[in-house]
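Following: one structure in structure tokens, then a few remarks.
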Amino acid sequence: MLMLIGISADFDPVHKGHEKLISEARKLADEENKKVVVYLNKGFSANHAPFFVDFEARREMALALGADEVKSFEGLHHRLVLSYSVPIRLKQMIDDGVTDYITSASIPLSEIKSKAQKFIDEGNFVGMPKTYKNRNEIRWYAINEFLGSKLKYHVTKEFNKEKYSGRLIRQSIIDNDMTITKDVERLLPKTTVDILQSEIDAGRVPGKRNWKDIYKRMNTYSRGNLEKIAYLNGNTINEIIKRRVYRDPESIWAAFRRSDYGPVMTRLAISAIEMEVTKKEVMDLMKSYEAQGVIPDNQKVQKVIDRAWYVASKGDEGIRAREANDKFRKENIEVNAPLEIEAGLNLTKFETKITKEGIPTDLYVDKNGKISVQFKSEGKKIKTNLRLPALEVTYLRYIMDSHFIPVSGSIKKAKRGFKVKVIIG
């Protein structure tokens, strides 16, 4: 049997707060004859950024402080938000035989349970309020309870977060020309200092993004190609196009700020661009875990599609989107959202002449906010707005702005001219 420790931490790098957590886990493990197993994120952090210290070094740091084993979570945090990655990570732990989960928090377990209950009742873990302290710990507890997991939840008192902060430690080292200052050294176990210094000397710290590929994609991709990338919506894509050319990270961050993306979503979107993560890839990953019973019902792909149709339908009746969305979430309403839509085209006579049935099309939102289509026929690039009823326009726009539901299209012969058959999901 295993004991899980430190799930909510990336250990980047391992500081004395993490050392205390491992120590508390060690006590529990020794009392119950269990092993302390640390699960570390690999590739991208839970905040969707490259790691400052790579996995192997962080693994060494955890083992040096008394962990029996270190395992990894891979391929998740450049593809999924936390409300989807947490159930998947829980499933991996349970499958591994983990019996106990231990984390640190500034609030007691009773408060974590109280705040988690609303989300357990709704079965929806998206939109955890930013005002909540220890949101991540609340999310883990809520999802663990909702999924009926038998993992026992332990909470230890969190060290002063203003002082023992991985972000501040990393920033200090960078600001001091990759030097571990005496002030930072006091926050780190000696084993961490030794391993971290070796990594700095070897030039492996800090980890970096592949800005070359990010710049290339943001500077050259069409609206249709950007639309395929996960976590980019129509407004953001137009902002990206408008602000070209990108030559430095700050210009990229500015484009996302203008699109009202917060820091976490900006990092996730940049990671998706860097790794060229498509909406279809994210959707297929979600569906694969849905089939394993891991994703809560209210977060399933079809629920997202159904909610878009319901909110669009109610908007057609004059009901505000927020009101309709709240009603859908709370009342578990069943709808039959269409997964195919036929849209009219505005083609010239010449374009109609060279257009053929079956040609694949890219959908995107043009600079005026209208849903448009682009395709090639006989070497000519054709762009035009779609003609749709207001309800279907609203529905399709919700889908295209959903971050991970792909839309695709193909030309279809109509009685007069051509249409586009739009496939959702």
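The values are calculated or read from the model by the stated rules, or taken from the named source; none is laboratory data. The structure presented is a predicted model; accordingly, all values stated were derived computationally and were not measured. Glycine gets a Cβ as well: all are built from the backbone with ideal geometry, and neighbour counts include every protein chain shown. Note: areas computed on protein heavy atoms with side chains; ligands, DNA, RNA excluded. Shrake-Rupley method; radii C 1.70, N 1.55, O 1.52, S 1.80 Å.
Numbers at a glance
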{"item": "Compactness of the range 39-99, expressed as Rg and Dmax over alpha-carbon positions, Å", "result": "12.0, 32"}
{"item": "Unit Cα scatterers, Debye sum, the chain: log10 I(q)/I(0) for q = 0.07, 0.11, 0.14 Å⁻¹", "result": "-0.41, -0.92, -1.30"}
{"item": "Selection from L391, I88, L232 lying farthest towards where the dipole of the chain points positive, charges on Cβ", "result": "L391"}
{"item": "Net charge over other residues, Cβ less than 15 angstrom from the Cβ of K419 (K, R count +1; D, E count -1)", "result": "+2"}
{"item": "Local electrostatic count, E199, Cβ distance below 11 Å [Lys/Arg +1, Asp/Glu -1]", "result": "-3"}
{"item": "Whole-percent pair-distance distribution, where bins are 5 Å wide, for the alpha carbons of the range 218-351", "result": "2, 9, 13, 15, 16, 17, 15, 9, 3, 1, 0"}
{"item": "Lysine pair count for the range 195-308 [Cα-Cα under 25 Å; pairs on different chains or 8 or more apart]", "result": "25"}
{"item": "Hits among lysines - C-alpha to C-alpha of K16 under 18 Å, sequence gap 8 or more where chains match", "result": "K27, K157, K161, K163, K182, K190"}
{"item": "Furthest towards positive pole of dipole, A414, V37, I333, structure part the chain, Cβ charges", "result": "A414"}
{"item": "Cβ charges +1 (Lys, Arg) and -1 (Asp, Glu), total dipole of the range 86-206, debye", "result": "400"}
{"item": "Helical contribution to [θ] at 222 nm, DSSP H n ≥ 4, -39,500 (n - 2.57), averaged over the chain, rounded to 500", "result": "-14000 deg cm²/dmol"}
{"item": "Convex hull of Cα atoms in the range 236-291, direction-averaged projection (nm²)", "result": "4.4"}
{"item": "Hull-based mean projected area of the range 288-331, where the convex hull spans the alpha carbons, in square nanometres", "result": "3.1"}
{"item": "Estimated inter-spin distance, N219 and T179, nm [label 7 Å along Cα→Cβ]", "result": "3.5"}
{"item": "Within the chain: Cβ-based charge dipole about Cα centre, in debye rounded to nearest 20 (Lys, Arg +1; Asp, Glu -1)", "result": "1980"}
{"item": "Whole-percent carbon and sulfur share, accessible surface of the chain, 1.4 Å", "result": "47"}
{"item": "Placed amide H near N41: partners under 5 Å, 5+ positions off or other chain", "result": "F73"}
{"item": "Rounded to 10°, Cα long-axis angle of helix 321-331 versus longest principal axis of the chain", "result": "60"}
{"item": "Sorted peptide list for 111-124, 390-403, 41-54, criterion being average Cβ within 10 angstrom, highest first", "result": "41-54, 390-403, 111-124"}
{"item": "Helix 190-201 axis, angle to the chain major axis (alpha carbon atoms, nearest 10°)", "result": "50"}
{"item": "Cβ-defined net charge surrounding E122, 9 Å radius [Lys, Arg +1; Asp, Glu -1]", "result": "+2"}
{"item": "DSSP bridge orientation in the chain - percent antiparallel, rounded to nearest 5", "result": "60"}
{"item": "Alpha-carbon centroid distance for the pair the range 326-355 / the range 363-425, whole angstrom", "result": "8"}
{"item": "For T191, solvent-accessible area (1.4 Å; no DNA, RNA or ligand), Å²", "result": "50"}
{"item": "Kirkwood Rh, angstrom, the range 118-204 [1 / mean 1/r, Cα pairs]", "result": "16.1"}
{"item": "Cα long-axis angle, helix 390-400 against the chain (0 to 90 degrees, to the nearest 10)", "result": "30"}
{"item": "Segment K130-K27, length gained on full extension (0.36 nm per residue, minus Cα span)", "result": "33.8 nm"}
